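Please read the structure below before turning to the comments.
What follows draws every value from the coordinates through simple rules; no lab data is involved. Since the structure is predicted, the reported quantities are computational estimates derived from the model, not experimental observations. Positions of Cβ are generated from backbone atoms using ideal geometry, with glycine treated the same way; all protein chains shown enter the neighbour counts.
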Amino acid sequence: MATTNTPTTLVSRLKEIYPDGPSNLIPNSTELQKRLKFRNDIGHGEHIRFDVQLTHEHGFSVGQGSITLAGAIAQETAKATVEGYSVILQSRVSYDLVTRAKTDKRAFAQFNSSKFIPMVDSFQKRCEIYNMGYGRRSLGVVSGNSSGVLTITDDTWCAALWAGSKGMTLEAFTDVAAGTQHDGTLTISAVDIANKTVTVTGTSTSVVSTDLLFYKDHAGTGPYGLMDIANNTGTLYNISASTYELWKAQSYSVGTSALTLGKILEAAGQAAEFGAEDLTCLTPIKAFQGLVADESALREYGANYSASEGKNGFEKLTFHGANGAIEVVPYRFIKDGEALLFPERWTYRCGSSDVTNRIAKDGDIMFDLESTSDKEMRMFTDFTVFCERPAHMVLMTRSDSNGLHE
């Protein structure tokens, strides 16, 4: 009987061929890190201190003829105390994996390449969400727990935040700052984007509705992200927002309907009253899609506009209000029920070190482990986000528990 050679019968003669590397399914995670530059010109010793003027001089006298002076009333200033916060990522590889990955002909990449161990992608995402965005705020609020399947509320859900999180460890608390922890370490075993659920292993019977989810060991500690600044009503960077209105961000409720360009204009007007000029507006992607379809004559056509060629849709929207230009940006790491206006010009990253795999001139943070046949690689950063003018920020939310796109 005739037989046919197939890839199965001649598998030993076939060479495995790979493309340039593994297909990376993780979304880009560096929007804020690209926008907000690291201030290398600001030194970091024990602290970084900024001199902040919080009130005017008020020693005015008025009248006619010989005027009795009322006396000087001095301005009030304070020193904002800012500190970077360290984040470290560890990754280990065994010796035999190192030796088998020495040549590109027989493996995807060299073992210390970002294609082989995606430390850079993982690190950038954590910094984007933790150091830059939500800081000491929670990752999401639980609305229900069915045998370890945790449903996240619509307004605090963020698909990109949870995507690729299988294996990540969490903790549940009742409050952002002084809450009670419910159960111990929760390990993510599955994420269901469509149903807005996170399945966890480990004891989770005490996790209930309204509990807040945090990265393990991150609750109540760490850097202050943009959302910390936008939500602050107390003391931040050693200055009280309850005492000085210029140190407190604004808030704006979009009501019980979707976000519109008109509502963004109204919110920006609140910041303009405090002197805000050009602003950046971070919006959830679904809400941005609705804004693109929003009928408005406020669109700004750029230099590439052509009367003979029509194109629908926008990657970003720029329009003008009382404050100046407002750039509306679709941002994948913001929760569905929030949008944030902030003064990009006055906001930046500062600390002792930007993201790096080198902490000295003599080489990478890579070494042999003492008791096992493994090498360990590490990435490191030490920074926080600082906004010089918090009153120019506006946190936009809905008054119900739905997202801004509905």
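Could you check the spin-label model distance between Gln181 and Glu370? Points 7 Å from the Cα along Cα→Cβ, value in nm.
Placing both labels 7 Å beyond Cα along the Cβ direction yields 2.7 nm.
Rank-order 67-74, 328-335, 148-155, 194-201 by packing density, defined as the average count of other C-beta atoms within 10 Å over each peptide's residues, highest first. Walk me through the numbers before you get to the answer.
Working: 67-74: 9.5, 328-335: 21.9, 148-155: 20.0, 194-201: 16.9.
The densest-packed peptide leads the list: 328-335, 148-155, 194-201, 67-74.
Using the structure shown, list the pairs from Lys37/Lys375; Lys216/Lys263; Lys166/Lys375 with a Cα-Cα distance above 29 Å, or answer none. Intermediate values should be presented prior to the final figure.
On the way: Lys37/Lys375 32 Å; Lys216/Lys263 36 Å; Lys166/Lys375 24 Å.
Beyond 29 Å between Cα atoms: Lys37/Lys375; Lys216/Lys263.
Starting from the Cα-Cα distance between Glu277 and Ala194, subtract it from 0.36 nm times their residue separation and give me the gain in nm to one decimal.
Values: separation 83, 0.36 × 83 = 29.88 nm, distance 3.86 nm.
My answer for the length gained is 26.0 nm.
Starting from 0.36 nm per residue, how many nanometres of slack lie between Thr174 and Thr77 once their C-alpha separation is accounted for? Mind dumping the intermediate values first?
Numbers: separation 97, 0.36 × 97 = 34.92 nm, distance 3.60 nm.
In short, 31.3 nm is gained.
Quick one: if you stick a label point 7 Å off each Cα along the C-beta vector at Glu57 and Lys286, how many nm between them?
Rounded to a tenth, the inter-label distance reads 5.4 nm.
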